[in-house]
Structure formats: structure tokens, C-alpha cells
Amino acid sequence: MEFLRPATWDEALAAKAENPSALPISGGTDVMVELNFDRHRPGALLDLNRITELTEWESGTYEGQDGEVIRLGAAVPYARITKELSGPLQGLSIAGNTVGSPQIRNRGSVGGNLGGASPAGDAHPALLAAGKDVFVEAESVRGTRLIAIDDFYVGVKRNSLQPDELIRAVRIPVADGPQQFSKIGTRNAMVIAVCAFGFALHPKNGTVGTGIGSAAPTPRRAPEAEQFLADELAERGLWQSGGLIGPAAVQRFGELVSAAASPIDDVRGSAAYRRHALAVMARRTLTWTWNEYTQSLRSAAA
Amino acid sequence: MSARNSATRTIRGEKNLQDITTAHPDGIGGSPLRPDGTLKVRGEFAYSSDLWHEDMLWGMALRSPHAHARILSIDTTEALTQPGVYAVMTHEDIPGSKYYGLEIQDQPALAFGKVRYHGEAVAIVAADHPETARRALAKIKVEYEVLAPITTEEHCQNPETFGYVHEPEEYRGHASGNVVHSQKVVSGLGVNDDVRAMADVVVVGEYEVGMQDQAFLGPESGLAVPAEDGGIDLYIATQWLHVDRQQVAPVLGLPENKVRLTLAGVGGAFGGREDLSMQIHACLLAQRTGKPVKIVYSREESFFGHVHRHPAKMRYEHGATRDGRLVYMDARIVLDGGAYASASPAVVGNASSLSVGPYEVPNVNVLAIAYYSNNPSCGAMRGFGAVQACFAYETQLDRLAAELGMDPVELRQLNAVSQGSHLPTGQVIDAPAPVAELLQKVKDLPLPPPLDTEHHLDIRELPGALSNTSHGEGIVRGVGYAVGLKNVGFSEGFDDYSTARVRLEVIGGEPVAMVHTAMAEVGQGGVTVHGQIARTELGVEQVTIHPANTEVGSAGSTSASRQTYMTGGAVKLAAEAVRNELFNLGRSRYGWTYNDLSLIGGKVVSASAGVLISMVDLLGDQAIDLTREHHHRPTVPFDKETGQGFGHVQYTFCAHRAVVDVDVELGLVKVVELAAAQDVGKALNPLSVIGQIQGGSTQGLGLAVMEEIITKDGKVRNPSFTDYLIPTILDTPPQPVEIMELADPNAPYGLRGVGEAPTLSSTPAIVSAIRAATGLALNRVPVRPEHITGT
Ligand SMILES: Cc1cc2nc3c(=O)[nH]c(=O)nc-3n(C[C@H](O)[C@H](O)[C@H](O)COP(=O)(O)OP(=O)(O)OC[C@H]3O[C@@H](n4cnc5c(N)ncnc54)[C@H](O)[C@@H]3O)c2cc1C
């Protein structure tokens, strides 16, 4: 097996262009497992660990995205996201905190999660919920391509990267409202999601974001649930009043989230359980974020 | 003493304690640190997977992808021609016996004719690199005719329709049909309509226990080195060196004395190393190639490479009077033994004879049966047949208490055995049996404070923990109790003696004791305890532990909670013999007539005359080197039809109180606290005892809420730690431990085996607490979120 160790991003892109089948390795928490289990025998490994800018993040404004955006380097590990970005990327940082164990969170990255595109990846529901204007920066020697998060996941463990492309960063709008993430595992740490749910309130444009994990061939959002809730909040003037959403609407939202999933029975859980748990997580995360939102309204008024 | 702070120590029946002549801080009763502890924590301990030899080859096995298939042909030509491959072997290349097995020699060293379970080894390869070996395996062509697997109780019971796992003429042992072994126990009037009529209240339940795995962290591994005399030296992580040798030698066509075993670093065992795994394969390849051969299983292979805990289906019926006295118990326990016998007969013996639990039940009728099937083989695992039964009878007792409107602890105490009680096998418990007291102890412990998410939210303390599923919603607390009955040592007439050699000599101006046994240190702390015994009996400071090997006699298995009792007892006997020899030396040299001699602080001391001489001066350059065998009191096999007989060496009891928080909406469980009380007779090393109780309880927790090997049509679906979940630190609650020390007059120092009892009652106590929180029946373990949410 060839082991390529580019020192710079340009060298990495050139190497990838030359060896499109080379497998990028970042934190290695997926790649090394695959290699050890002999599930994958790549002809070449492309080690991205020498490229420091991948482990950096910056904030700024970008075309096509409203307001402030965090440009998160592909290799920034979860532990740092939780530590450094728990405010601007609230949902992703909660999601990152559920990944594996401290050791895995010190190595594993969002770029790696996206590269693997597993339906069980915990970053995905949080990224979907963060908004439709979340973009994956895919780069190659041909240039930069911004892939909207909704177009990124194309099949089971398949993403829309071209063979010569690498993920440089993810552009995520800074949270303009409370965000949450919940995941089910059959033990209390270090567990792959049986199913997961990401949720975000976007008071600025009056929308809400959802993301479902491990309950369909790809991570996906629950569009009808998003629409229903956005309408409900707008029609009843709740964004302004901060009033109670009420059990009926919360219940309905949970049902719509659950209906958006297409889960299967497997060793980790039954399809019926996944549907049930998604509804519960949807109700709870909505309640938590709404409480936080109404509190912020109140303290702003006070 | 208690894990958290101090509690009472009860010492009664001190007869056996009188021999203790010194109170050395690192002698018995102290808690010196384990000699291997620091190394293990620092990652410096050499495990069997770290073995290395110049010129060594790597062995690997090709395993069956089918649960049941006829082998039509095996073609190894292409594999053999691959550069770097030194040998490819099938059953045709085996020089000796083709079968092995612990109790019944029914398992082929390499499959022939048929494969009977998913993962059965068919061929083995030795190559100069693991990767070469892996590639060679891929080039072996095996033609299978896939057969319908025999996997359910219905299949097993009807061999005429569904077939035999072993054809009737192939049977070894007393098996017939698809039955490996069965055992009845009938006592009192048995159970019939007249007996049933004596009960005011009857509770009937059906229970199921899933297939648990030992999930030790050090995968199966070892190194076989061919010797000049044509024999083999095998360095191996195992539980019982001598019984490994007894099974390996005939397959190699060698006499036992040409197969020499040395214990390599063992990374946990829990019963899973009682059967052979890679031993025969490494030896065969070493014999064939004339080179050292190392085999290390991957995690996935490990799941196929050892037996598991028998899954069980049980039907229990209890009758009681209105005031809560048990009148009768009828039980049928069906165990899935899998493809080969392994320890199934002994597991059946335990399941049947311990099926009533620690209760006096005047009328009993029990049948325990283990089937052969095409599921993974099952055998020894911590708790050994008693775990399954305990889940059923403790659930029954809870239900009975509910039916009677009684407190579940009081109902148990009312019916608890005590010293002098008869068990249904007719065996009288002739040592303390403080079952009611143990229950009281856990009941009297203060309860953990209630959950308060209003004022203090730390999601790590909630079900789901960091997964962030609840901030207090849906959470209900429950409390449950359970107690169990376990035997110690091998039963039913088996003389599982232990041997120990103790050598005393002066080294560097100090008296030094060397202890040499074949005991497998699998993490239980036997090497620590041997040092403590030698210090106490010989009054020395320095003790060295000789590597365990087959140069000394058998130490029996590190299982059945027996090693401190049996090999510890042998060390005690050998040390006492050495001590007497030393006294005799003094008597003959100096004409001592004292009868009050002891060894304290490196000196010979007379209680009346004071210090007589230092051991250094008495010994000079002489060494005293003696070997002793320790046999426990004899037992007898159970009568096949009635189960009557003095079958068990010793009984041991542990009680638990579990406190759980359940997210009843999501079906997630957090065990908040798991308190245990156990009678250990005498805590030779209190710290180790607490470690055993907490570890055993945690393994029971795993069975209660997560650990299960899931099969479909005989195929294992989760052979990895990604999907076979074991408790993490966030699943493992604080575990206060109450120790009682009521000496057993038959045991060395009055001690009682400790390791298994806590594994029994932890599971039902936790499930009982989940039931209390949810109001659900929950008749199966592990309890999954689906069972709680009904989805
Ligand atoms: C014990 C354990 C527990 C785990 N628990 C969780 C969990 O709870 N939740 C979860 O979501 N995941 C979990 N994982 C999986 C893994 O940690 C995550 O998917 C993580 O995000 C991967 O990041 P990485 O940097 O280690 O990726 P790597 O292993 O380096 O790469 C993963 C994939 O992404 C590709 N890749 C990496 N970087 C780039 C790039 N810049 N451009 C293009 N492709 C790229 C690689 O080629 C590979 O296909 C666990 C893994 C382990 C070993």
C-alpha cells in the first residue's frame, strides 16, 4: 500500500488528482477500523494530518449565506468543536459530544464523518438542522465546489464528492437560535446511534431545521415537520410572543418527524422503536429549544 | 468493611482461623497490591498476544461461513503454492485423535464431514506474515452443501423431522437424540395435583436468558514452539494448563509429557478459556513446520473462537401458602448447548441442582436439559448454569410477593435457607448460610438521593447520559432486590485437586519463599493471595511466584470460584509442610521440645520461650522444597432420576439491591447504584474480594441491560464490540459492598469462593428495579429499549 503524506493542501489536491482512488485519512477513526477489519484494501492512503489549515476554523461572511458563518476546517476534532464552538455551533457541538469516547473525540472530525457519509454519523443531523445554507467545501485541482448539505448525502455511505475532490471545510451559519441534538444508544456512552435527531430554531428567517440519523439509507431532514412547525409558529405569532407551542402541535411535530424516517430492523434496534424514539426526541428537543428561546426573549425584554 | 467506608466484619466459627500465627500486613487479611497491577495499568504487562519468537510463523484458521453444511471437498493447492506459506492443514493432516472436548470428546480439531456452527475451523495455515496467511486462507477452496440449521427448541426436540446435529452413531458420552445432557431433581412429594392443592397461591412464568459472551479483552493467543525431543512447548493464555494438555496431546499423537505448557499473560477469561481455542492449531502447525507458530485472534474471530453462556428458556411454577411459605416449585430449564458439548453436562448439573435458589422448598420437581444445535457452542461462563436459573426464580419470588401483597425482601427472608437447611438434592447446608442477613444488609443501606434535575442537571447521571436524550423527562426510579445460590468448586464426584510447591531458602541474607503452581492467573488475583498465604504461614517478607507451568502438578481450573479455595489451600498445605520441616530441623539440631512454635518476622518463635533462632541461621544454605496436593471433600454424582446426592463442595451467597432510573418513554436505563452483600467466609484479600464482587455484579449488569450475542439461523450477527455492547464506566454505578465473614469449617481459613455469586443476583435485581419503575413483566434478559417501550 502506498502512503502519501502531502505537506500542503495544494500537494494534497495534486496527489488526489493523480491518485483518485487514494483513500484520505484524517483522524483515522473510521479508516483504521476499516483497514483492521479488512473491509477495505485501498491501493494508497492519503494522509491529511500534515495540513494544518484543516484543523483550523474561522468566522466570517460568505456569499450565498446570510450573516456570520463558521468555516470549520475538515479535520477540527469534535473535542475542540465542543470546547471552542459550543455557542455558534450549538447543535454540532452537542452532537460531537455524543461521539464515541474522549479518545475518539480527540481524533474524529466532521470532515471524516462527511467523508464516510454513514447514515449513523452524528454530525449529519446537526448539519442538516443548522440550515439549508450549510455548504461542504469540496476542492480539487479544478477548483472549489460548494455542495449544499441537502445535496451531499446520496446513498448508503455515499456522498457527492468527485473522485479527485477533498473536503476542505464546512461552512455553517452561526446559530441564530437554540439548537439541540439527541441520540439513542443502548448503553450510556460509546455507542453508535440506533437513531438520532438534530433540531434548530432559526428565528431570523422564521424556519426550523431538522436532521434524522440512522433511520434511513442516508441522513435526511423531515421537510413536512419543518414546514408544519414553521407555519404553526408564524401563524400563531409565537416567534414574537414566545408563547407555549402546546402539546397538540408538539405531538404533531413528533409524528411528522417519525413519518419522515424509513428505518429498518437490525441488530441495533427495531424499525418500530426507531420511529417511536424519533418522535420522542423530536418532542423533547423542540421543548428544550423553545424553552431556551422564550427565556432569551424574556431576558431580552427585561 | 465496605467499598466506600467501613462496616462490620462478622467472624464466627474460628476453628480454621487458629492456624494463623502472624498478622503480617501483606499476609492474609491484608490488601497488598497485585504484582501485575501497575504493569497492566501502564500497558507494560506482556499478554499472550505479545509473545514473540525468532523465526516464528503466524497461524490462522479458515472458518465456516455456514451454521450447518456438509463439506464436499477442500482444495488447498493454490494456498500451498503462495510464497511465504509454510503449511496448510486440514483434518487429514492430523497425526493423532481428531476430536477433543472438556467432558465429551465430540469436537473435531478441524472440521470433517460437516460443519456444525458458524465459524467452525476447517483448515489452518502457517505463513511468515499474518497478511500472507490471510491471503492464503482466501485461496483455500471449500465446497459446501448447505444444510438447514437446527436452531430452535422445536428443531432440537424433533430430530426425525429436522435432523440430528450429531448423527446417532457419532455420539460420544451419554447423549441421545439432540440432547447433550439432562438432569432431574425430585424432592419431597415432587409436584403433582395433591401438592398443588396445598398451595393457596400459584405463580407460573416463562423466562428467557439471551446468549452472553465472556467478552474478555485479551483475544485468544499463544505461541507453540517445537522442541528438540519432538515435543512442543506451548505458551498460552488459558484457565487450566493441565486440561489443555490433556486435550492437545492426543491430537498431536504425543504423550502428555512431551507437551509442556507455560502460562502466558491472560487478558481475562470468565469461563471463555476453559475450552481450547487456538491451542491445537498452533501446536499442529509447529509440529508440521518445525518452527514456532503464533496465533492471535482478531476481535471478530474471538467471538467465534470461544463458547458462550447458554441461552435459556425456562418455565417456573411456584406454589405458596397465604402467609408466604413456599410449598412447591416445578421448573423446566432448557439450555441451548450449541454444536459441541463443551461444559454442557456440568452446566445442566448446576442449573438443575441450584434451580430453587437459596430457599427451602419442601416439594420440588425439576428438569434441566441441554440440547445440541447449530447455534454457537456454549459452555463455561461465570455463574455457570446458576445465572439463568437465578433470573427465573428471583423473578418468580417478586411476582409471588406481589400476588401475596408481601414485601419482596420479607418473602425471601421467610423462605431463606440457613445452616442446616436441606436443598432439594438432599444435601444439607453444613456451613453458615446467612441469606436472610445478606438481604437485610443491602436493604438497610441508605438509598441514593433522588434525582433532582431541577437544581442540578448533569446528563451523565441520566439514562442516555451524554447522548442527551433527557433532561429529566420520562424518568422513573425503581428499586429491586435479588439473592442467589452458587456452588464453589467442581461438583458431582469430580476430584479437582490442586497442587502447590513451596520452596524456602536464604537468598541475599533473607529467607525467601517461592510458590510454584500451575494456577492460571486470569486477573482474579491468585498470585497476590499466594504471596499472602506464604507470608502468613512462613513469616517471611519475600515471596516469589514461579511462572505457572506443567512442571508442577495440576492446579485445576481458574473457574467455579475455586482457585483461592483449592490452590490457595494447596499453597497453605505446602507452606505448612515446609514450616514443619523447618521446625523438625531445629528440633533435631537443637533438641527443641517446644510445641508452641511459630514463624514470625523471619524468626522461629516459641510462645513460651520467645525468639529461638532466625530462619536464616536455621536454614543456612539448605533449601526446603515440598509439594502438596489439596483435595476438597469428596462429592458424588446426582442420581439421574431424582437428582439426589451430596453433589457440591461448598455454597456461596450474594444479595443485591439495585436502584435504577428508567426513561420510560425511550426505554433507556441508568443503573444508579448496585449494592451487594456477600458472605466470603474469610476475606484473604479484602480489596480483591471487593473487586471480584464489583466485577461480577457489573457482568450481571451487562446481561441485564445490554449483552447478547444475536444469532439468526445459527449465524452470529454481532461479532464485534461495535454491536456486542459491554458496560462502560458511565454504565457502571457506585457499588457499595457489605462483606460478611462467617467461616466455613471445611474450607482453608474458612474462606468461601467469591467470584461468581455476585454475577447471579445482580441481573435479576436490576430487572426487578426496572419492573418497579415501569410496571412491565420483563421476562427476558437483556432488557432492550424495545421491551420497555413496546415497540
Ligand atoms: C470506537 C469508535 C466510536 C465511534 N463512535 C462514533 C459515534 O458515536 N458517532 C459517529 O458519528 N461516529 C463514530 N465513530 C466513527 C468516527 O469516529 C467518525 O465517523 C469520525 O467523524 C471520523 O472522523 P476521522 O477524522 O477519524 O475520519 P477518518 O477515519 O480519517 O476518515 C473517514 C472517512 O472520511 C474520508 N475523509 C477524511 N477526511 C477527508 C477529507 N478531508 N476529504 C475527503 N474525505 C475525507 C476518509 O477517506 C474516510 O472515508 C466511532 C469510531 C470509533 C472507532
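Here are a few things to note about the model shown:
- Charge dipole (region B:445-594, unit charges on Cβ, about Cα centre) - positive-most of B:565, B:511, B:448: B:511
- Under 5 Å between amide hydrogens, built in the peptide plane, is the criterion, and for residue B:681 it picks out B:742, B:752 among residues at least 5 positions away or on other chains.
- Burial ranking of peptide ranges B:608-618, B:514-524 (average Cβ count within 10 Å, highest at the top): B:514-524, B:608-618
- Packing order of peptides A:57-66, B:539-548, A:143-152, highest average first: B:539-548, A:143-152, A:57-66 (average count of other Cβ atoms within 10 Å over each peptide's residues).
- For residue B:650, the amide hydrogen comes within under 5 Å of the amide hydrogens of B:488, counting only partners 5 or more places away or on other chains and with H modelled in the peptide plane.
- Under a 5 Å amide H cut-off, with hydrogens placed 1.01 Å from N, residue B:673 pairs with B:659 among residues at least 5 apart or on other chains.
- Given +1 at the Cβ of Lys and Arg, -1 at the Cβ of Asp and Glu and no other charges, the dipole of region A:179-296 around its Cα centre is 340 debye to the nearest 20.
- Whole-Hz couplings from phi, Karplus 6.51/-1.76/1.60, listed for region B:218-228; x for Gly and Pro: x, x, 4, 6, x, 9, 9, 10, x, 9, 5
- Using a cut-off of 18 Å between Cα atoms, the listed pairs B:114/B:715; B:572/B:682; A:183/B:670; B:670/B:712; B:40/B:682; B:98/B:141 include B:670/B:712; B:40/B:682; B:98/B:141 as exceeding that distance.
- Number of partner chain Cβ atoms within 10 Å, mean per residue of A:37-47: 1
- Taking every DSSP helix (H) stretch of at least 4 residues in chain B, weighting each as -39,500 (n - 2.57) and dividing the sum by the residue count yields a mean residue ellipticity at 222 nm of -7500 deg cm²/dmol.
- Positive-end residue, chain B charge dipole about Cα centroid, Cβ charges, pick of B:615, B:91, B:627: B:615
- Average beta-carbon neighbours from other chains, 10 Å sphere, peptide A:268-276: 5
- Whole-Hz couplings from phi, Karplus 6.51/-1.76/1.60, listed for region B:108-122; x for Gly and Pro: x, 5, 9, 4, 9, x, 9, 10, 10, 8, 5, x, 5, 6, 10
- Backbone phi angles across region B:342-351, fed through the Karplus curve with coefficients 6.51, -1.76 and 1.60 (θ = phi - 60°), yield HN-Hα couplings of 6, 9, 3, x, 6, 5, 4, x, 5, 4 Hz in residue order; Gly and Pro are listed as x.
- For peptide A:152-165, the mean count of partner chain Cβ atoms within 10 Å of a residue's Cβ comes to 0.
- Put simply, when B:285-298, B:80-93, A:275-288 are sorted by average Cβ atoms within 10 angstrom per residue, most first, you get A:275-288, B:285-298, B:80-93.
- Here the dipole of chain B is about 600 debye; that uses its Cα centre as origin and unit charges on the Cβ of Lys and Arg (positive) and Asp and Glu (negative).
No lab work stands behind these numbers, since they all come straight from the coordinates. These numbers come from a predicted model, not from an experiment. All Cβ positions, even for glycine, are placed from backbone atoms using ideal geometry, and neighbour counts span all protein chains on display.
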